[in-house]
Amino acid sequence: MKLTITNFLAVWAAGLGLSGCGGLSSEQLLSVEMYGVSKMPEGATGTRDPKFQIYQLLKVDIVSEDGATTTNLFDNEEEKIFRIVDREQLIYSKKITDLVDTSYGSMLLTFAPEVTGGDSEENTLAFTLANPVLTLTQPFAIEKAKDIAVIIKMNWGNTLTDEAMTEPTFVLTLD
């Protein structure tokens, strides 16, 4: 009898389309996460690492394999301002189910050029991004039942002094 009830509950839950731990989903999701690490970028002249940096995401574009077409995924959305720390922070998420079975050559993430941040001693420092468009150059395909996660790792070691904060280097990868 116990086996019958267990089988009934499993079939009932599957029939409701419940997703969760081990559940299946018919929707694809694009997510972008960002975090800082204590690795020094080339030319860093600071004396310590920042505890946080604040970025504003303005636009997310995916570019066709041939580079001829750009699709803006960030249409009619509110400003996205994020406090980035040394743990992954979700900065963007979007359902991309309507793009299944398409391949892309790159992704462009556009940020506001002004970045603020600091540490526990000073939190009003700022710098301007030399290039506010970060590019994921790795081609990718949007496939059924497969999410896409882009990870932005910032090497921000020794980019902070008492008077200034300098730009980290960014490493973008697909997870």
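The values are calculated or read from the model by the stated rules, or taken from the named source; none is laboratory data. Computed from a predicted structure; not experimentally measured. For neighbour counting, all protein chains shown are included, and Cβ atoms are generated from backbone atoms with ideal geometry for every residue, glycine included. What goes into the accessible areas is simple: the full protein's heavy atoms, side chains included, and nothing from ligands, DNA or RNA. Shrake-Rupley method; radii C 1.70, N 1.55, O 1.52, S 1.80 Å.
Keeping all protein chains in place, calculate the accessible area per residue for region 57-175 (probe 1.4 angstrom), answer in Å².
Numbers: 6360 Å² over 119 residues.
Per residue, region 57-175 has an accessible area of 53 Å².
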Rounded to the nearest 10 Å², what accessible area does Phe170 show when all protein chains are kept and the probe is 1.4 Å?
50
For a quick check of understanding: with a 1.4 angstrom probe and all protein chains in place, what accessible area in square angstrom does Thr97 have, to the nearest ten?
50
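Counting other Cβ atoms within 10 Å of each Cβ, which GluC sites (Glu not before Pro) in region 46-122 have at most 12 and sit in a DSSP loop?
Working: sites: Glu65, Glu77, Glu78, Glu79, Glu88, Glu114, Glu121, Glu122; in loops: Glu65, Glu77, Glu78, Glu79, Glu88, Glu121, Glu122.
Loop-located and lightly packed - Glu78, Glu79, Glu121.
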So which aspartates and glutamates can Lys95 reach, going by Cα to Cα under 12 Å and dropping same-chain residues fewer than 8 places off?
Glu27, Asp147
